[in-house]
1. Under 14 Å from the mean Cα position of the chain (by Cα) and surrounded by 15 or more Cβ atoms within 10 Å (Cβ to Cβ), is that true of THR29?
2. Which count do you get for residues in the stretch 100-113 that are of a type in the set (S, T, N, Q) and not in a strand (DSSP E or B)?
3. Inside the stretch 114-136, can you point out the residues that are closer than 14 Å to ALA38 by Cα, without any contact (Cβ under 8 Å) to a residue 60 or more places away in the chain and assigned to a loop (DSSP other than H, G, I, E, B)?
4. Restricting the search to the stretch 1-10, which residues are touching a residue at least 40 places away in the same chain (Cβ under 8 Å) and in a loop (DSSP other than H, G, I, E, B)?
5. On the given criteria, is GLY97 in a helix (DSSP H, G or I) and closer than 23 Å to VAL72 by Cα?
6. Of the residues GLU55, GLU48, only one is of a type in the set (Asp, Glu), over 28 Å from ARG114 (Cα atoms) and free of Cβ contacts under 8 Å to residues at least 12 places away in the same chain; which?
7. Looking at HIS27 and the list (1) in contact with a Lys or Arg (Cβ under 9 Å, 6 or more places away or on another chain); (2) at positive phi, which single condition is not satisfied?
Amino acid sequence: MQIDGACHCGRVTFTAEIDPGRVIVCHCTDCQVLSGSAFRVVVAAPIENLLLRGETKSYIKVAASGNRRAQVFCPECATPLFATAPENATQVTIRLGCVKQRAELVPAVQIWQRSCLPWLPELGGIPGSQEQQGFTPAQPDSHLR
C-alpha cells in the first residue's frame, strides 16, 4: 500500500510503500514517553521504500538491551516521524500519527502489553464528544476539605 504523510508544520513530507498487515500498537514505556501518549502505533517498511523530503533531526535512544534506535522527527515542530537503526538501517518504523491514510491502517498486533495503562480497556465507556468541549473536573467531596 502506498502511504504519504507529513509533520505538523509541513516542512518534512514522505511517501512509502508498506504492508498494511504490519501495523503494530506498542505499549512499552519508551513509546509512551516518546509519543507523549498512552501507546504508539507504527508500521514497518523497508528503508528503500521510504522517500523523505525535508530536513530531519534524530535522537538516539538506547534501550535496556543496549539496542540503539534513531528517533527521527521534524526539527521545527517536533512531530515524531519514524525510527530506524542509527547505522546500516534496513527498515523504518513509521509513526501512524503523521500518515494521511492512518484511518485505513488497522493494527494487526499489540506488543509490550504488560506496560499497557490500566484504564485503556475502559476508554470506550468514558463519555466524550465529537469535537472539543469544555471540561469541568469533578468536585472533591466536601468531607475531604
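The values are calculated or read from the model by the stated rules, or taken from the named source; none is laboratory data. The structure displayed is predicted, hence computed values, not measured ones. Counting neighbours? That spans all protein chains shown, and the Cβs are built from the backbone with ideal geometry, glycine included.
1. In short, no.
2. Selection size over the stretch 100-113: 2.
3. Matches in the stretch 114-136: PRO118, TRP119.
4. MET1, CYS7, HIS8, CYS9, listed by residue number.
5. When the stated conditions are applied, GLY97 passes them.
6. GLU48
7. Every condition holds for HIS27 apart from (2).
Conditions tested, residue by residue: (1) under 15 Å from PHE14 (Cα atoms); (2) loosely packed, with under 15 Cβ neighbours inside 10 Å.
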position: GLY36; (1), (2): no, yes
position: GLU48; (1), (2): yes, yes
position: ARG69; (1), (2): no, no
position: THR90; (1), (2): no, yes
position: LYS100; (1), (2): yes, yes
position: VAL106; (1), (2): no, yes
position: CYS116; (1), (2): no, no
position: GLU122; (1), (2): no, yes
position: GLY125; (1), (2): no, yes
